[in-house]
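The values are calculated or read from the model by the stated rules, or taken from the named source; none is laboratory data. Just so it is clear, the structure is predicted and the values come from calculations on it, not from any experiment. No Cβ is skipped: glycine too gets one built from the backbone with ideal geometry, and neighbour counts run over all protein chains shown. The accessibility values were calculated without ligands, DNA or RNA, using every heavy atom of the protein model including side chains. Shrake-Rupley method; radii C 1.70, N 1.55, O 1.52, S 1.80 Å.
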Amino acid sequence: IAGLQEYYCNLCLENSKKINPYILHVLQEVDEDIKKGLEKRITLNIAGNNRLIPVERVTDEDFGILSQILETCPYINGLDVRYNVLSDAGAYYAANLLQTQRYLIYLNLMFKDIGPEGGELIAKALHKNTTLKYLRMTGDKIENKGGMFFASMLQINSSLEKLDLGDCDLGMQNVIAFATVLTQNQAIKGINLNRPILYGEQEESTVHLGHMLKENHWLVELHICKHGIKNCGMQKLCDALYVNRSLLDISCNKITRDGMEYLADVLKSNTTLEVLDLSFNRIENAGANCLSETLTLHNRSLKVLSVVSNNIEGEGLVALSQSVKTNPTLSNIYIWGNKFDEATCVAYSDLIQMGHLKPNNTDVEPYVVDGHVYLAEVSNGLKKHYYWTPTHRDANSPSSSADFAVVSVGPYF
């Protein structure tokens, strides 16, 4: 093959398909990298939400041509086609690619029109695939039916390390199925089950996940946003967190001050939890004070804490700033969306000026007007660019993806 660009044009001519200029541009960049001798571990980034160059979104037909090219390219290990207009027909080509291309370790199919049937095709293709390490299906509405095929797949596949099924309209049956299968699967190191469609107020999903965490000692990263977790559910999770876990994302739930008492007890003895995301709960001053006491006196493993938008006022925020000052391990803290008073602004300004808190490790920046200190928001965080890409910097920079920078499961995530 003279080059991927030329090969793509020839395939389009042979199949009477229109050439997509966006795909052509990306393949040209890959050809240039290969000429420079950079052909190892190439990720083909054809994201439909790229804001840095003109984009013509990839269709099912475009993806069919692209999959033929990838079958012949052992040096392309990653494929990112998020936010394109792929449907279940595109899922068919993705499934075929997983069965024929033995070098792909990263596949991002985020936010497509892939439904339950497409999910079934991809899940069944992974039964025999032994190379893919990270699959991201975020936002694809595979629903309960498609989710069950992925749960069944995890009983067979022993190579996949990270699976993202957030915002996929999974049901309670799916959460129970994943909790059950993860008691046996030792390969999965990270899983995202954000925002399932749950009914009722009994926190049944949390009970099953808590049982799973007691049995599973291999899972490093767990994302369970928008599960409706309350304090009772938090207690169930904490009972299972005494042993392990490096990253716990329980943002966007209904946890209050009482839940923080259970979590503070865990943090006194847990020596593996490094990243804790409590964003968009309601822990208030009492919860912040409870966390602060544990982080100041007991815990020396937590590195990253996010309490964004938790209705915390000055007293609680100042207490957390004292934890950062006295705890040498706690390097990142994110506090935007709470209620700042002048004492809070001064406390975090001092942290930054004295070197206790690096500017890239927090989401606020101090400034002075008429002799008074204020805090402005900066674009740093745990997963700032999870859903979108910026126009001014790398979406995967450590300052905007601190959780993945600290707890890394594999080379792509």
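Which aspartates and glutamates does Lys226 reach when only Cα atoms under 12 Å apart count, and residues fewer than 8 places away in its own chain are ignored?
Correct list for Lys226: Asp167, Asp169, Glu203, Asp249.
Can you grab the distance from the C-alpha centre of region 148-164 to the C-alpha centre of region 349-366, Å, no decimals?
Measuring centre to centre over Cα atoms gives 41 Å.
State the percentage of accessible surface on region 40-194 attributable to carbon and sulfur atoms; use a 1.4 Å probe and exclude ligands, DNA and RNA.
50 percent
Among the aspartates and glutamates, which fall within straight-line cross-link reach of Lys17, defined as a Cα-Cα distance under 12 Å, with same-chain neighbours fewer than 8 residues apart omitted?
Once the sequence-local aspartates and glutamates are set aside, what remains near Lys17 is Asp60, Glu61, Asp62.
Take the alpha-carbon centre of region 30-108, take the same for region 186-218, and report the distance between them in whole Å.
Measuring centre to centre over Cα atoms gives 31 Å.
Given springs between every Cα pair under 10 Å in a Gaussian network model of the chain, which of Cys290, Cys238, Cys12 has the largest fluctuation?
Cys12
Once every DSSP H run of n ≥ 4 in the chain is given -39500 (n - 2.57) and the sum is divided by its residues, what mean residue ellipticity at 222 nm do you get, rounded to the nearest 500 deg cm²/dmol?
So the helix-based figure for the chain works out to -12000 deg cm²/dmol.
Hey, what angle do you get for helix 204-215 against the long axis of the chain, alpha-carbon based, 0 to 90 degrees rounded to 10?
90 degrees
Identify, among Gln186, Gly115, Asn144, the residue whose Cα sits farthest towards the positive end of the charge dipole of region 78-195, taking +1 on the Cβ of Lys and Arg and -1 on the Cβ of Asp and Glu, with the dipole about the Cα centre.
Value: Gln186.
What size of dipole, in debye to the nearest 20, comes out for the chain about its Cα centre when the only charges are +1 on Lys and Arg C-beta atoms and -1 on Asp and Glu C-beta atoms?
760 debye
Could you tell me how many degrees, from 0 to 90 and to the nearest 10, lie between the Cα long axis of helix 116-125 and the main elongation axis, the longest principal axis, of the Cα atoms of the chain?
Between helix and principal axis, roughly 80 degrees.
Out of Ile23, Ile224, Ile122, any idea which swings most in a Gaussian network model of the chain, alpha carbons joined below 10 Å?
In this elastic network of the chain, the residue with the biggest mean-square fluctuation among Ile23, Ile224, Ile122 is Ile23.
For Rg and Dmax of the Cα atoms in Å, one of (1) 22.8, 70; (2) 20.6, 65; (3) 26.2, 88 was computed from the structure I shared and the rest are decoys. Which label?
Correct label is (1).
Say we join alpha carbon atoms closer than 10 Å with springs in a Gaussian network model of the chain; which of Pro366, Pro54, Pro398 then has the biggest fluctuation?
Greatest mean-square fluctuation among the candidates belongs to Pro54.
Give me the 1.4 Å probe accessible area per residue for region 105-161, excluding ligands and nucleic acids, in Å².
Accessible surface, normalised per residue, equals 34 Å².
Can you list the aspartates and glutamates whose alpha carbon is less than 13 Å from that of Lys128, not counting same-chain residues fewer than 8 positions off?
Partners found: none.
Is there a pair in Lys230/Lys268; Lys303/Lys325; Lys145/Lys214; Lys268/Lys383; Lys162/Lys358 whose C-alpha atoms are over 19 Å apart, and which pairs would that be?
Lys230/Lys268; Lys145/Lys214; Lys268/Lys383; Lys162/Lys358
Considering the dipole of the chain built from charges on the beta carbon (Lys and Arg +1, Asp and Glu -1) around the Cα centre, which of Tyr106, Val346, Tyr334 is farthest to its positive end?
Tyr106
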